[in-house]
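Q: The following block contains the structure, expressed as C-alpha coordinates.
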Amino acid sequence: IGSAPSRSRFPATMQQKAGPSAAGAPRKLTIKPLRTAPKLPANFEQATWAKLLDAVRAVHGKRAVNHSLEELYRGVEDMCVQHMAARTYDKLQAECEAHVEASIEALQTPDTSAFLSLVHGCWSAHCEEMLTLRSIFLYLDRTYVMQSAARRSLWEMGLHS
(Lines give C-alpha, C1' and ligand atoms only; values in the text may rest on other atoms or scores of the structure.)
Protein backbone atom coordinates (compact mmCIF):
# COMPACT_ATOMS: atom_id res chain seq x y z
CA ILE A 1 0.00 0.00 0.00
CA GLY A 2 1.52 3.25 -1.13
CA SER A 3 1.00 6.54 0.52
CA ALA A 4 -1.43 8.92 -1.13
CA PRO A 5 -0.02 12.23 -2.29
CA SER A 6 -0.53 15.05 0.17
CA ARG A 7 -3.49 17.24 -0.77
CA SER A 8 -3.66 20.76 0.47
CA ARG A 9 -6.32 23.40 0.15
CA PHE A 10 -3.73 25.76 -1.33
CA PRO A 11 -2.16 25.52 -4.78
CA ALA A 12 1.43 24.35 -5.04
CA THR A 13 2.65 27.87 -5.81
CA MET A 14 1.33 29.14 -2.50
CA GLN A 15 2.87 26.24 -0.63
CA GLN A 16 6.27 26.97 -2.08
CA LYS A 17 6.08 30.68 -1.23
CA ALA A 18 5.10 30.07 2.35
CA GLY A 19 8.66 30.80 3.51
CA PRO A 20 10.43 29.92 6.71
CA SER A 21 7.46 30.48 9.02
CA ALA A 22 5.66 27.53 7.46
CA ALA A 23 8.22 25.23 9.06
CA GLY A 24 6.52 25.49 12.42
CA ALA A 25 7.10 28.91 13.93
CA PRO A 26 3.83 30.84 14.23
CA ARG A 27 3.56 34.16 12.45
CA LYS A 28 2.80 37.24 14.48
CA LEU A 29 -0.19 39.28 13.31
CA THR A 30 0.01 43.01 13.85
CA ILE A 31 -3.09 45.21 13.58
CA LYS A 32 -2.38 48.86 12.96
CA PRO A 33 -4.90 51.63 13.72
CA LEU A 34 -6.49 53.59 10.92
CA ARG A 35 -4.50 56.60 9.82
CA THR A 36 -7.55 58.84 9.84
CA ALA A 37 -10.83 58.28 11.59
CA PRO A 38 -13.71 57.55 9.23
CA LYS A 39 -16.09 60.49 8.83
CA LEU A 40 -19.75 60.63 7.96
CA PRO A 41 -20.76 62.33 4.74
CA ALA A 42 -21.87 65.92 5.32
CA ASN A 43 -25.47 65.19 4.36
CA PHE A 44 -25.77 61.78 6.01
CA GLU A 45 -28.64 62.66 8.33
CA GLN A 46 -30.62 64.54 5.67
CA ALA A 47 -30.14 61.86 3.00
CA THR A 48 -31.00 59.00 5.33
CA TRP A 49 -34.03 60.77 6.78
CA ALA A 50 -35.23 61.62 3.25
CA LYS A 51 -35.15 57.91 2.41
CA LEU A 52 -36.96 57.02 5.63
CA LEU A 53 -39.52 59.80 5.19
CA ASP A 54 -40.26 58.57 1.68
CA ALA A 55 -40.85 55.09 3.12
CA VAL A 56 -43.08 56.40 5.94
CA ARG A 57 -45.18 58.35 3.47
CA ALA A 58 -45.37 55.35 1.14
CA VAL A 59 -46.59 53.15 4.00
CA HIS A 60 -49.17 55.75 5.03
CA GLY A 61 -50.25 56.19 1.41
CA LYS A 62 -50.47 52.43 0.80
CA ARG A 63 -47.86 52.66 -1.96
CA ALA A 64 -44.88 50.47 -2.64
CA VAL A 65 -41.74 51.49 -0.77
CA ASN A 66 -38.92 52.54 -3.10
CA HIS A 67 -36.13 51.02 -1.00
CA SER A 68 -35.74 47.54 0.44
CA LEU A 69 -36.81 47.06 4.04
CA GLU A 70 -33.28 45.91 4.88
CA GLU A 71 -31.80 49.12 3.49
CA LEU A 72 -34.27 51.17 5.50
CA TYR A 73 -33.61 49.15 8.67
CA ARG A 74 -29.86 49.68 8.24
CA GLY A 75 -30.45 53.38 7.72
CA VAL A 76 -32.28 53.53 11.05
CA GLU A 77 -29.52 51.50 12.69
CA ASP A 78 -26.86 53.86 11.31
CA MET A 79 -28.77 56.90 12.56
CA CYS A 80 -29.01 55.37 16.04
CA VAL A 81 -25.34 54.39 16.13
CA GLN A 82 -24.40 57.95 15.12
CA HIS A 83 -26.39 59.39 18.06
CA MET A 84 -29.27 60.67 15.93
CA ALA A 85 -31.92 58.47 17.51
CA ALA A 86 -33.72 61.24 19.41
CA ARG A 87 -34.15 63.38 16.30
CA THR A 88 -35.22 60.35 14.26
CA TYR A 89 -37.86 59.42 16.86
CA ASP A 90 -39.17 62.99 17.03
CA LYS A 91 -39.42 63.25 13.23
CA LEU A 92 -41.19 59.89 13.00
CA GLN A 93 -43.61 60.90 15.76
CA ALA A 94 -44.41 64.20 14.03
CA GLU A 95 -45.02 62.42 10.72
CA CYS A 96 -47.32 59.83 12.35
CA GLU A 97 -49.27 62.51 14.22
CA ALA A 98 -49.77 64.49 10.99
CA HIS A 99 -51.03 61.35 9.26
CA VAL A 100 -53.44 60.54 12.10
CA GLU A 101 -54.81 64.09 12.05
CA ALA A 102 -55.41 63.84 8.30
CA SER A 103 -57.11 60.47 8.78
CA ILE A 104 -59.39 61.88 11.48
CA GLU A 105 -60.41 64.74 9.20
CA ALA A 106 -61.37 62.19 6.54
CA LEU A 107 -63.81 60.57 8.98
CA GLN A 108 -66.24 63.50 8.94
CA THR A 109 -69.62 62.18 7.78
CA PRO A 110 -73.18 62.78 9.02
CA ASP A 111 -74.22 59.12 8.62
CA THR A 112 -73.49 57.18 11.83
CA SER A 113 -73.37 53.72 10.27
CA ALA A 114 -71.02 54.98 7.57
CA PHE A 115 -68.97 56.67 10.28
CA LEU A 116 -68.51 53.41 12.19
CA SER A 117 -67.52 51.65 9.01
CA LEU A 118 -65.00 54.40 8.23
CA VAL A 119 -63.57 54.25 11.76
CA HIS A 120 -63.16 50.48 11.53
CA GLY A 121 -61.39 50.73 8.17
CA CYS A 122 -59.20 53.60 9.38
CA TRP A 123 -58.23 51.73 12.55
CA SER A 124 -57.40 48.53 10.66
CA ALA A 125 -55.27 50.45 8.18
CA HIS A 126 -53.52 52.35 10.99
CA CYS A 127 -52.63 49.12 12.81
CA GLU A 128 -51.18 47.61 9.63
CA GLU A 129 -49.21 50.78 8.93
CA MET A 130 -47.79 50.90 12.45
CA LEU A 131 -46.69 47.26 12.23
CA THR A 132 -44.87 47.99 8.98
CA LEU A 133 -43.28 51.13 10.39
CA ARG A 134 -42.27 49.27 13.52
CA SER A 135 -40.50 46.64 11.42
CA ILE A 136 -38.55 49.40 9.64
CA PHE A 137 -37.76 51.33 12.84
CA LEU A 138 -37.29 48.23 15.04
CA TYR A 139 -33.68 49.09 15.88
CA LEU A 140 -34.79 52.50 17.12
CA ASP A 141 -37.58 50.88 19.14
CA ARG A 142 -35.31 48.26 20.72
CA THR A 143 -32.34 50.47 21.54
CA TYR A 144 -33.27 54.10 22.03
CA VAL A 145 -36.92 53.87 23.06
CA MET A 146 -36.54 50.96 25.48
CA GLN A 147 -33.67 52.76 27.25
CA SER A 148 -35.59 56.01 27.58
CA ALA A 149 -38.36 56.04 30.18
CA ALA A 150 -39.88 59.23 28.75
CA ARG A 151 -40.40 57.73 25.28
CA ARG A 152 -43.20 55.40 24.25
CA SER A 153 -42.59 52.34 22.13
CA LEU A 154 -43.47 52.82 18.48
CA TRP A 155 -46.66 50.81 18.90
CA GLU A 156 -47.75 52.92 21.88
CA MET A 157 -46.78 56.07 20.02
CA GLY A 158 -49.11 54.99 17.24
CA LEU A 159 -51.92 54.43 19.73
CA HIS A 160 -51.49 57.84 21.34
CA SER A 161 -50.94 59.86 18.15
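Q: Within segment 38-66, count every residue that is polar (S, T, N, Q) and in contact (Cβ under 8 Å) with a residue 12 or more places away in the chain.
A: Looking only at that region, the number is 2.
Q: From the list Glu77, Glu71, which one is at pLDDT 90 or above, part of a helix (DSSP H, G or I) and more than 18 Å from Ala58 (Cα to Cα)?
A: Every option except Glu77 fails the conditions.
Q: Separate question: Which ones in segment 119-161 are free of Cβ contacts under 8 Å to residues at least 40 places away in the same chain and closer than 16 Å to Leu52 by Cβ?
A: Result: Met130, Arg134, Asp141.
Q: What number of residues within segment 80-107 satisfy the criterion of being part of a helix (DSSP H, G or I) and over 30 Å from Ser117 (Cβ atoms)?
A: 9
Q: Residues of segment 107-142 being open to solvent by 80 Å² or more (accessible area, probe 1.4 Å), among the aliphatic types (A, V, I, L, M) and farther than 18 Å from Ser161 by Cα, which ones?
A: Leu116
Q: Take the residues in segment 118-161 that are assigned to a loop (DSSP other than H, G, I, E, B) and hydrophobic (A, V, I, L, M, F, W, C); name whichever of them is nearest to Gly75 (Cα to Cα).
A: Phe137
Q: For the structure I just gave you, tell me whether Glu95 is surrounded by 12 or more Cβ atoms within 10 Å (Cβ to Cβ), under 30 Å from Pro41 (Cβ atoms) and modelled with pLDDT of 90 or more.
A: yes
Q: Step by step: first the residues of segment 39-85, then only those that are touching a helix residue (DSSP H, G or I) at 6+ places or on another chain (Cβ under 8 Å) and β-branched (Val, Ile, Thr), then the one that is most open to solvent (accessible area, probe 1.4 Å). Which residue is that?
A: Result: Val65.
The values are calculated or read from the model by the stated rules, or taken from the named source; none is laboratory data. Here the structure is a predicted model, which is why all the values come from computation and not from measurement. Virtual Cβ from ideal backbone geometry, glycine too; neighbours counted across all protein chains shown. Quick note on the areas: whole protein, heavy atoms, side chains included, nothing else; ligands and nucleic acids left out. Shrake-Rupley method; radii C 1.70, N 1.55, O 1.52, S 1.80 Å.
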